[in-house]
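Report on one structure; see the data block that follows.
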Amino acid sequence: MIRFALSATAASLLAGTCSAQIESEDGLYLGFRGYGAISDQNNLIFAASREFGASVGYRFSDVWRVETEYSRRWAKIQGLNGAKTVRGDFDAHTLGLHLFRDFRPGKKLRPFVGVGVGGGILDFDFKGPADINPDFIVVGNDTNISTYGNVFLGSTYHINSQLRFGGGFEYFSFTDQAVESNIGDIDGINRSYNFFVSLRWRPDF
């Protein structure tokens, strides 16, 4: 009887330990996000926008986590107000800090919201004829440094104790800046509405 009681107690302790290990999510993790973006910049027309991000994060409670993320955002420039056949490239590299609030702790499907701030380097390179005079070539080759802000909304599915798969929506906005060209500064906004998928991996130290 005593042996049975000790065995039952040991089994209970072992089960409790395993359960705690499975349920605990605190600690370091690595993340990846892949985006499809709908960009919105007046004066310059973007197409074929693509984005990806890689992050290092830390969960410090059941519902709060923070990430630092590097991302690259690029697109084809397929027109300019007053020069619709202008063609070129847009490329941006960013580094930011994001804070997330997760809901439904302990569940496999967990909605989340997040906010972030950061900075980036934006490269514009385009060339093409003006609409009113095809002999006049509009040229722009400019690099800007800008801050940004963003907001996240989405959900994460816990595949197992280490892997999380997610998806959602992001609103992203750089600081409005003018792009230099041979026709003068071109005013523009730099913002996008992104749909993304994500993967998080938590090392099992």
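A compact table of results
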{"quantity": "Some residue of segment 44-51 being over 19 Å from residue 130 (Cα atoms), in contact (Cβ under 8 Å) with a residue 12 or more places away in the chain and crowded, with 16+ Cβ neighbours inside 10 Å", "calculated": "yes"}
{"quantity": "Those residues of segment 126-161 which are surrounded by 14 or more Cβ atoms within 10 Å (Cβ to Cβ) and not in a strand (DSSP E or B), in sequence order", "calculated": "130, 131"}
{"quantity": "Positions within segment 63-119 being of a type in the set (Phe, Trp, Tyr) and assigned to a strand (DSSP E or B), in sequence order", "calculated": "64, 70, 74, 90, 100, 112"}
{"quantity": "Checklist (1) closer than 17 Å to residue 32 by Cβ; (2) modelled with pLDDT under 90 applied to residue 152, failing item", "calculated": "(2)"}
{"quantity": "Segment 181-205 residues that are part of a strand (DSSP E or B), paired with ones that are hydroxyl-bearing (Ser, Thr, Tyr) and loosely packed, with under 15 Cβ neighbours inside 10 Å (beta carbon under 7 Å, 6 or more apart)", "calculated": "193/171"}
{"quantity": "Residue list for segment 102-140, restricted to those being within 24 Å of the chain's Cα centre (by Cα), over 30 Å from residue 79 (Cα atoms) and among the small types (Gly, Ala, Ser)", "calculated": "114, 116"}
{"quantity": "Qualifying residue in segment 176-185 (condition: within 23 Å of the chain's Cα centre (by Cα) and either more than 16 Å from residue 52 (Cα to Cα) or buried (at least 17 other Cβ atoms within 10 Å of the Cβ) (or both))", "calculated": "yes"}
{"quantity": "Residues that are under 24 Å from residue 26 (Cα atoms) and surrounded by 13 or more Cβ atoms within 10 Å (Cβ to Cβ), drawn from segment 104-125", "calculated": "104, 110, 111, 112, 113, 114, 115, 116"}
{"quantity": "Given (1) within 30 Å of residue 186 (Cβ to Cβ); (2) within 16 Å of the chain's Cα centre (by Cα), number of the condition residue 99 does not satisfy", "calculated": "(1)"}
{"quantity": "Given (1) loosely packed, with under 14 Cβ neighbours inside 10 Å; (2) within 13 Å of the chain's Cα centre (by Cα); (3) basic (Lys, Arg), index of the condition residue 84 fails", "calculated": "(2)"}
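So that you can scan it fast, the table gives a plain yes or no per residue for (1) of a type in the set (A, V, I, L, M); (2) closer than 26 Å to residue 149 by Cα; (3) modelled with pLDDT of 90 or more:
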residue: 4; (1), (2), (3): no, no, no
residue: 17; (1), (2), (3): no, no, no
residue: 22; (1), (2), (3): yes, no, no
residue: 28; (1), (2), (3): yes, yes, yes
residue: 41; (1), (2), (3): no, yes, no
residue: 49; (1), (2), (3): no, yes, no
residue: 62; (1), (2), (3): no, yes, yes
residue: 86; (1), (2), (3): yes, no, yes
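The values are calculated or read from the model by the stated rules, or taken from the named source; none is laboratory data. What you see is a predicted model; the values in this text were computed from it and never measured. Backbone-built Cβ (ideal geometry, glycine too); neighbour counts: all protein chains shown.
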